[in-house]
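Asks: Got a structure for you, written out below as structure tokens; questions coming shortly.
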Amino acid sequence: MPHLENVVLCRESQVSTLQSLFGERHHFSFPSIFIYGHTASGKTYVTQTLLKTLELPHVFVNCVECFTLRLLLEQILNRLNYLSSSEEGCSTEITCDTFNDFVRLFKQVTNAKNLKDQTVYIVLDKAEYLRDMEANILPGFLRLQELTDRNVTVIFLSEIIWEKFRPNTGCFEPFVLYFPDYSIGNLQKILSHDHPPEYSADFYAAYINILLGVFYTVCRDLKELRHLAVLNFPKYCEPVVKGEASERDTRKLWRNIEPHLKKAMQTVYLREISSSQWEKLQQDDQDPGQLEGLSAYTHVELPYYSKFILIAAYLASYNPSRTDKRFFLKHHGKIKKTNFLKKHEKTSNHLLGPKPFPLDRLLAILYSIVDSRVAPTANIFSQITSLVTLQLLTLVGHDDQLDGPKYKCTVSLDFIRAIARTVNFDIIKYLYDFL
């Protein structure tokens, strides 16, 4: 089908397989099909496009939206009832509580003349959520064709493999179809297909090539790449619009867009600011390296003592414990760094990464760096728990260990320096690596 090939790119093999499984309208199709692959690999798009283009009767349900059994079953039945009704608005709402009722009502709904002599398709997107429902749901949907004695095919769309679904008691095995990740050539072809009509295809393809050259190593999600392509294209076109360069002057266009793409790479997936804010910042005359609002620490608002707890945690993670006396005791005497520098410590602690530390050491450092005395109250402990919840600290080991909990600080040096500046604390003076 030439029209389908133009709409669904780089998925010819999967489309051909699905068309073979669907067969003719009046033929009995495979009872259940399990389609899996990573996010943004085209599973939902290909399935929906194929069913709509072939004009096959189908119901598409997202299992995230229908998070209970009743919502799921009623959604399927009501949409099928709408398909079977001859006039809009004449169908009545169907209520359904159990899978047994669903089988009975499904037979009634699909007995309509326009659904009786052709295959009905039920598509369950985000099918992994079915595992959290009643134990009979997944086996029931897999054998729905047998239970209802109707020409029905259930299609499961998921990001996880079938082996994670299979019940211990056994079940009917579906036809499994894998959607692999798009290659860089596939992404180039798909993204180039979206070129604006006012620019040539070759010009937009050159821009996509530059975009993938920067982002492909860190991001292969088609949706995210498409978002980045739309967001940064006006900046790429800027020299052409101003008449400073032609569409073929790739070197000048690259020099103009390079700092903006590198800055955008720091915020891939994060959506720290809206698209309109990003475009506004790009239009300003300030240096892209100095754009405000694009780093996570500028958005973190912590209570006063939580900032000191985080600073103390960073010092505990990156300073050897035997240096605490040097940094945090007033009368420690003069101790040179070379006196306690060992061979294995020649490597920077920041290169080795954060090390776990006990709660007692964290509190000891906290009392040393805070001017006023802080009592170890429940408020302090709850703030530590909040920092763990925010993933600024990580709890190491089990909760039931006898020697008390241990933590790691997961924030970067730039992050903690920004936090320290807000409380006028010079953290560099207290870091062993910077002596």
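Asks: Determine whether T385 is under 19 Å from I311 (Cβ atoms), modelled with pLDDT of 60 or more, assigned by the TED database to the domain that holds F425 and out of contact with any helix residue (DSSP H, G or I) (no Cβ under 9 Å at 6 or more places or on another chain).
Replies: Values: under 19 Å from I311 (Cβ atoms): yes; modelled with pLDDT of 60 or more: yes; assigned by the TED database to the domain that holds F425: yes; out of contact with any helix residue (DSSP H, G or I) (no Cβ under 9 Å at 6 or more places or on another chain): yes.
Against the criterion (under 19 Å from I311 (Cβ atoms), modelled with pLDDT of 60 or more, assigned by the TED database to the domain that holds F425 and out of contact with any helix residue (DSSP H, G or I) (no Cβ under 9 Å at 6 or more places or on another chain)), T385 qualifies.
Asks: Looking at L138, L177, which one is at negative phi and in contact (Cβ under 8 Å) with a residue 40 or more places away in the chain?
Replies: So the residue among L138, L177 that is at negative phi and in contact (Cβ under 8 Å) with a residue 40 or more places away in the chain is L177.
Asks: Since Y207 meets every condition but one in (1) assigned to a loop (DSSP other than H, G, I, E, B); (2) farther than 30 Å from H27 by Cβ, which condition does it not meet?
Replies: (1)
Asks: Condition first: modelled with pLDDT under 65 and open to solvent by less than 50 Å² (accessible area, probe 1.4 Å). Can you find one or more residues in the stretch 341-364 that meet it?
Replies: Among the residues of the stretch 341-364, at least one is modelled with pLDDT under 65 and open to solvent by less than 50 Å² (accessible area, probe 1.4 Å), which makes the answer yes.
Asks: Follow-up question, since we're still on this one. Residue by residue through the stretch 162-181, note down the ones that are of a type in the set (A, V, I, L, M, F, W, C), in a loop (DSSP other than H, G, I, E, B) and open to solvent by less than 70 Å² (accessible area, probe 1.4 Å).
Replies: Scanning the stretch 162-181 gives F165, C171, F179.
Asks: Find all pairs meeting these conditions: Cβ atoms under 8 angstrom apart; at least six residues apart or on different chains; first residue within the stretch 48-74 and closer than 29 Å to R25 by Cα and assigned by the TED database to the domain that holds E128; second residue β-branched (V, I, T) and part of a loop (DSSP other than H, G, I, E, B).
Replies: That search, which allows pairs on different chains as well, returns T49/V8; L50/V8; L56/T119; P57/T119; E74/I94; E74/T95.
Asks: With respect to the numbered conditions (1) touching a residue at least 40 places away in the same chain (Cβ under 8 Å); (2) assigned to a loop (DSSP other than H, G, I, E, B), which one is the sole condition not fulfilled by I155?
Replies: (2)
Asks: Please give the helices (runs of 4 or more DSSP H) falling wholly within the stretch 7-124 in which 3 or more residues are open to solvent by less than 40 Å² (accessible area, probe 1.4 Å).
Replies: 12-22, 43-53, 69-84, 99-109
Asks: Mind checking which residues of the stretch 221-254 are within 24 Å of G185 (Cβ to Cβ), under 29 Å from the mean Cα position of the chain (by Cα) and open to solvent by less than 60 Å² (accessible area, probe 1.4 Å)?
Replies: If the condition is that a residue be within 24 Å of G185 (Cβ to Cβ), under 29 Å from the mean Cα position of the chain (by Cα) and open to solvent by less than 60 Å² (accessible area, probe 1.4 Å), then D221, L222, E224, L225, H227, L228, A229, L231, N232, F233, Y236 are the ones that fit.
Asks: A further question on this structure: With respect to R220, determine if the residue is within 30 Å of D132 (Cβ to Cβ), modelled with pLDDT under 90 and charged (D, E, K, R).
Replies: Working: within 30 Å of D132 (Cβ to Cβ): yes; modelled with pLDDT under 90: yes; charged (D, E, K, R): yes.
Criteria met by R220.
The values are calculated or read from the model by the stated rules, or taken from the named source; none is laboratory data. Everything numeric in this text was worked out from a predicted model, so none of it was measured. Neighbour counts run over all protein chains shown; Cβ positions are idealised from the backbone, glycine included. Ligands, DNA and RNA are stripped out before the accessible areas are found, and what is left, the full protein with its side chains, is counted by its heavy atoms. Shrake-Rupley method; radii C 1.70, N 1.55, O 1.52, S 1.80 Å.
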